[in-house]
Structures are given as structure tokens and as C-alpha cells.
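The structure under discussion appears below in the form of C-alpha cells.
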């Protein structure tokens, strides 16, 4: 998302594009999925870089990212990495990517544009949502507890495990347990 450059961002970039460092910065570009609510999410870019980012064009212009990838600002690193990753079939882009070790948070931010959120789905491929009711499709030995949840057990008001799309949580015998989504079927 493009907006006007704030005084703080203008000061940070010293008036130059934070990607190519050759042209005058004309816009504040928010690195998705974040927005322009904080300077830490923005990159000051020139008209040339903006048009290339928006059109997703490749080309020799992006070789300038060999410098910007080393910028101390996470937003500049993330946008540089994202563009280079989209060009990784080019040897020069791949060399730049492999020459730098960025913080895992920056890499995750950069790659978020390429990954759609994984959905929690049951054994039939039906999407599961928080609060759904599911039925166990096979008997499960509950680790850490002294019982087995038999096939056909109904689990109400499930909770999705946010960082693992293959797991849900639900109560069985008054105990909250983690259940693999491949062992449940959504109940109508």
C-alpha cells in the first residue's frame, strides 16, 4: 500500500529510495500484511521501484537489492527478500538470498505473500472452525491420560490450534486433549 512519506521516514531514508538508493523517495510503501500504521512497517521507495513492485516485473533493476537486503530496517529487509525470492530462478537473485542471514521474523514476514493460511480440515477435507462439533473416526489412545477415546466419540466446541493446521483441541471425558484433524469428521 502506497502513501505519502512522513517526516520521520524522510529522515530515516535521507530522501533516497531505500531499495535502489539512487532515486528520490516519493512514497511510503507498507510491506503486507502489515499496514502504514507504523514507520517500522514502511519502506521509502521511488516511482521506479514502486511501479516494478506493483507490476511484479523482474529485471536487472532489482540487482540493487544486493545493497538494500543489508539495511538495518526489518521492513526494507522483508521487502527486499520478498522481491528476491520471487526472482530466485535467476542466479544473481539466488546468490543474494543465500549471502544473507536474516532474522526468522523478517523471513516469515517476507514469505507471507507467498503462503496462504493453511486451513484446518477434517478427514473428508471439510473446513473446521472454532466451535464446531466433530466425531472421532477411530479410537484414540489419549497420551498422558488413562483412557481411550472410542470411535464415534462426539467432541463439541473444538478450538483450532493456531500454529498447526493438523491439530485441534477439544474436551473428552472432561479433559482438554489435542486431536489430529485426520482422525475427525465434522458433525452436521
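The values are calculated or read from the model by the stated rules, or taken from the named source; none is laboratory data. A quick note: this is a predicted structure, and the numbers were derived from the prediction, not measured. No Cβ is skipped: glycine too gets one built from the backbone with ideal geometry, and neighbour counts run over all protein chains shown.
Numerical summary
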read-out: Positions within region 68-84 being out of contact with any strand residue (DSSP E or B) (no Cβ under 8 Å at 6 or more places or on another chain) and surrounded by 14 or more Cβ atoms within 10 Å (Cβ to Cβ), in sequence order; value: 68, 69, 70, 71, 74, 77, 78, 80, 81, 82, 83, 84
read-out: Given (1) in a loop (DSSP other than H, G, I, E, B); (2) within 14 Å of residue 109 (Cα to Cα); (3) modelled with pLDDT of 95 or more, index of the condition residue 70 fails; value: (2)
read-out: Residue tally, condition outside any loop (DSSP other than H, G, I, E, B) and loosely packed, with under 15 Cβ neighbours inside 10 Å, over region 19-34; value: 1
read-out: Region 105-123: number of residues that are exposed (fewer than 13 other Cβ atoms within 10 Å of the Cβ) and under 29 Å from residue 134 (Cβ atoms); value: 4
read-out: Region 85-104, residues that are in a helix (DSSP H, G or I) and surrounded by 11 or more Cβ atoms within 10 Å (Cβ to Cβ); value: 85, 86, 92, 93, 94, 95, 96, 97
read-out: Checking residue 16 against (1) more than 25 Å from the chain's Cα centre (by Cα); (2) within 14 Å of residue 106 (Cβ to Cβ), the condition it does not meet; value: (2)
read-out: Residue 43 being touching a strand residue (DSSP E or B) at 6+ places or on another chain (Cβ under 9 Å) and either under 19 Å from residue 22 (Cβ atoms) or in a helix (DSSP H, G or I) (or both); value: yes
read-out: Residue list for region 35-47, filter: surrounded by fewer than 14 Cβ atoms within 10 Å (Cβ to Cβ) and farther than 10 Å from residue 75 by Cα; value: 35, 37, 38, 47
read-out: Scan of region 5-18 for residues that are in a loop (DSSP other than H, G, I, E, B) and surrounded by 14 or more Cβ atoms within 10 Å (Cβ to Cβ), ordered by number; value: 5, 6, 17, 18
read-out: Scan of region 1-18 for residues that are touching a strand residue (DSSP E or B) at 6+ places or on another chain (Cβ under 6 Å), under 15 Å from residue 73 (Cα atoms) and touching a residue at least 40 places away in the same chain (Cβ under 8 Å), ordered by number; value: 18
read-out: Conditions (1) surrounded by fewer than 18 Cβ atoms within 10 Å (Cβ to Cβ); (2) farther than 16 Å from residue 112 by Cβ; (3) at pLDDT below 95; number of the one not met by residue 50; value: (1)
